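Visitor: I'd like to ask some things about the structure below.
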Amino acid sequence: MGMSEPATAWMRLCAYRVAGPDRGHKQAELADGLWRQSTEEDRVQHIRVRPAPSPYDETAECRLDIGILLMADSDEKASAVGARICTGALAADPDTADWTFRPLLLRGTP
């Protein structure tokens, strides 16, 4: 492979936890919002949203884990695409605009 040839794209997983006030938001609604934020160039293959494993507490906070499987030539590019899709979907919905977001898979850490 020459220096000018593009790197090979591999299937990569990005995972995030989002949390915020429980306003009756449904997992399917968030998944739809994530798909709406993705573009053909993002090469998203699969999106999954499920409740985050956490004990029930008095805050009535909703915690969801998001998995995005996409084709990318680096972990950094995949993470950037996943983060853009998540933050865009949260910001686009008034029920989740104030939610927090953090990555669950940290690449390059021991």
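The values are calculated or read from the model by the stated rules, or taken from the named source; none is laboratory data. Keep in mind the model is a prediction, meaning the values are calculated, not measured. Every residue, glycine among them, receives a Cβ derived from its backbone with ideal geometry; neighbour counts consider all protein chains shown. Calculation scope for accessible area: heavy atoms of the full protein, side chains included, ligands and nucleic acids excluded. Shrake-Rupley method; radii C 1.70, N 1.55, O 1.52, S 1.80 Å.
Visitor: Just how much of residue 76 is accessible, in Å², when a 1.4 Å probe is used and the result is rounded to the nearest 10?
Guide: Rounded to the nearest 10, the figure is 130 Å².
Visitor: OK, next. Name all residues of the range 75-91 having a backbone nitrogen under 15 Å from the label point set 7 Å from the Cα of residue 41 along its Cα→Cβ direction, giving them as ranges.
Guide: 77-78, 80-82, 84-85
Visitor: While we're looking at this one, here's another question. What percentage of the solvent-accessible surface of the range 28-103, computed with a 1.4 Å probe over protein heavy atoms, is contributed by carbon and sulfur atoms?
Guide: Of all accessible area on the range 28-103, carbon and sulfur atoms account for 51 percent.
Visitor: Under a point spin-label approximation (7 Å from Cα along Cα-to-Cβ), what is the residue 92-residue 76 distance to one decimal in nm?
Guide: Those two pseudo-labels are separated by 2.7 nm.
Visitor: Would you list 23, 36, 63 from the most to the least accessible area, probe 1.4 Å?
Guide: I get 36, 23, 63, largest accessible area first.
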